[in-house]
Amino acid sequence: MAIVLWNEDMSVGIDHLDDHHRRLIELLNQLGAAVSAGNSRDVTGLVLGELIRYVYYHFGEEERLMEAAGYDDLAAHRQSHRIMAEHVRGLESAYDRDPSAVVAAELHGFLSDWLVHHIRSEDSRYVPCLSGRAGAA
Ligand SMILES: [Fe+2]
């Protein structure tokens, strides 16, 4: 399973959110490793649960900071998060019903592609608005 790497060019200029993105990537890689190693459903499920919880937490934090900064594209960004959260929720329910590695692998592939694209395109657009604000770090 492909490893995702965080690069400096993915930085949004806010340490707090860069840390979140790095943590998300770390959890994604842990999930990929668990699936590739054929780890037990318990192990895969634990990593998957942690990843999903962190996705929700991160979206909430990012939206809070965008709102505080008066970011004018907040509604569209929030919508993008909402669509992603719904997709993740759907995969989570599927995993709960049938915890097969196929679902975890699907989530890994989907989230990896989405996250890297989202950070580089959508998140990068809030950088000028959010960077340098007090309390953002
Ligand atoms: Fe975002």
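When the residues of the range 70-103 are filtered to those that are basic (Lys, Arg) and more than 16 Å from the ligand (Cβ to nearest atom), the one that is farthest from residue 131 (Cα to Cα) is 97. Where helices (runs of 4 or more DSSP H) fall wholly inside the range 17-133, the ranges with 2 or more residues that are in contact (Cβ under 8 Å) with a residue 60 or more places away in the chain and farther than 16 Å from residue 6 by Cβ are 41-68, 101-118, 127-130.
No lab work stands behind these numbers, since they all come straight from the coordinates. What you see is a predicted model, and the numbers here were worked out from it, not measured in a lab. Note that each Cβ is placed from the backbone with ideal geometry, even for glycine, and that neighbours are counted across all protein chains shown.
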